[in-house]
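Remarks on the structure that follows.
The values are calculated or read from the model by the stated rules, or taken from the named source; none is laboratory data. The structure displayed is predicted, hence computed values, not measured ones. Positions of Cβ are generated from backbone atoms using ideal geometry, with glycine treated the same way; all protein chains shown enter the neighbour counts.
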Amino acid sequence: MRRRAMARLAVAARAFSASASGAGAGGVSMVQGASRGIGLEFVRQLLRRSGEGRVVATCRAPGSAAELQKLKEEHAPGRLTVLPLDVTDENTIEAAAASITETHGSLDLLINSTGILSIPNVIQPVTKTVSVEFGRKDNIACILLHPGTVDTDLSRPFQRNVPKDKLFTREFSVQKLLSIIDNVKKSDNGKFFAWDGQEIPW
Ligand SMILES: NC(=O)c1ccc[n+]([C@@H]2O[C@H](COP(=O)([O-])OP(=O)(O)OC[C@H]3O[C@@H](n4cnc5c(N)ncnc54)[C@H](OP(=O)(O)O)[C@@H]3O)[C@@H](O)[C@H]2O)c1
């Protein structure tokens, strides 16, 4: 149980709004846990997708997130916003939500890639509750994604036991995960998918 819960990447919630895809041209995407690892790669790939999509990237200490600050400088003003957000601190969540509402109105895509929500016995009920709530009243799908074993700071201590061809680059894993997000349907709400698109029963 612990291993299964730890393996889940996190939540991706996609709104089926006016834009064809929040992850594509012109939409607004938010990535939580964006200072490094898989989250940072999501930010990179989302920015690269079109010259118009906007990305809100969050982590606990944006001032120390050198890679995010560099990305911000490399892109046109307004394309990347970096905000402080600690998923264990409600005040920072509320402040980020208020800032996003003011600047962007709403989000088309939310990706949570923080380690914290992988805590066993937390992510499952949280995701179930969120997906049920979304399913009831909003045109939003909330899914869980498993990235495979990906070369990041988090996995480094365990990489010795992983065969070379099973250790994915961040680029490869995020490419796969974005293609799942692009094709997600409303009826996928509450489902769990592996990096290769296979549904994982849970
Ligand atoms: N890498 C893998 O092989 C693998 C496999 C299966 C599942 N996963 C899951 O994928 C997710 C991302 O993993 P990763 O390998 O990219 O990890 P990582 O390289 O350690 O990055 C984690 C990110 O989460 C942020 N973060 C940590 N605590 C936070 C908090 N309380 N509030 C807000 N942000 C916080 C960190 O930013 P700051 O410290 O700067 O705030 C960092 O940007 C995790 O949920 C992990 O369990 C990873």
- request: State the number of residues belonging to the range 102-128 that are among the polar types (S, T, N, Q), farther than 24 Å from Lys186 by Cβ, surrounded by fewer than 14 Cβ atoms within 10 Å (Cβ to Cβ) and modelled with pLDDT of 85 or more.
  value: 1
query: Any residue in the range 173-192 that is within 13 Å of the ligand (Cβ to nearest atom), under 21 Å from Arg44 (Cβ atoms) and at pLDDT below 95?
result: no
query: Any residue in the range 66-88 that is among the charged types (D, E, K, R) and in contact (Cβ under 8 Å) with a residue 40 or more places away in the chain?
result: no
- request: Quick one: which helices (runs of 4 or more DSSP H) lie wholly within the range 20-107 and hold at least 1 residues that are within 16 Å of the ligand (Cβ to nearest atom), closer than 24 Å to Ile181 by Cβ and of a type in the set (Gly, Ala, Ser)?
  value: 37-49, 90-104
query: In the range 150-161, is there at least one residue being farther than 17 Å from Ile38 by Cβ, at pLDDT below 95 and over 18 Å from the mean Cα position of the chain (by Cα)?
result: yes
task: Could you please find all residues in the range 151-179 being within 21 Å of Pro201 (Cα to Cα) and touching a residue at least 60 places away in the same chain (Cβ under 8 Å)?
output: Ser173, Leu177, Leu178
query: Quick one: how many residues across the range 129-150 are buried (at least 18 other Cβ atoms within 10 Å of the Cβ), within 16 Å of the ligand (Cβ to nearest atom) and either hydrophobic (A, V, I, L, M, F, W, C) or without any contact (Cβ under 8 Å) to a residue 24 or more places away in the chain (or both)?
result: 6
message: Can you report the number of residues in the range 29-76 which are touching a Gly at 6+ places or on another chain (Cβ under 6 Å) and within 13 Å of Arg170 (Cα to Cα)?
response: 1
